[in-house]
1. Which loop chymotrypsin sites (Phe, Trp or Tyr not before Pro) in the stretch 1-38, with loop taken from DSSP, have no more than 14 other Cβ atoms within 10 angstrom of their Cβ?
2. Full-extension gain between ALA54 and LYS12, please, as 0.36 nm times their residue separation minus the C-alpha to C-alpha distance.
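Where a number appears in this text, it was derived from the coordinates with a stated rule and is not lab data. Computed from a predicted model, the values in this text were never measured in an experiment. Don't worry about glycine lacking a Cβ; one is built from the backbone with ideal geometry, like all the others, and counts go over all protein chains shown.
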Amino acid sequence: MLAAIVLPFCIKAFQPLQTQPLIAVIMLAGFLIAKRWLPRFSMLILLIIAIGCAFTSGALSVNRYFIDVLTNSIFFRLVIKCRFKY
């Protein structure tokens with residue numbers, strides 16, 4: 001039963017190889033290099049590489065609306081409130 005749930009996620013992980021092989025290779029190489037020299041921070045480095053690839057490919061763009069939503073979110077307000085509470 002667990003395999004039926006996890007299998008679609010595993011199959012979808014390899015779909016970008018067909019459409020965007022360069023990004024997949026860059027992320028795989030970045031992960032392997034980070035795992036070799038900085039194993040503790042390999043996932044963080046992979047996240048930074050993924051965000052950089054998304055920005056350069058045009059798949060992710062930060063506009064003013066996104067920043068307004070981010071700064072007006074409940075989480076942001078709670079963090080600010082907790083920081084300045086004391």
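1. Here the chymotrypsin sites (Phe, Trp or Tyr not before Pro) that fit, given the DSSP loop and packing criteria, are PHE14.
2. 13.4 nm
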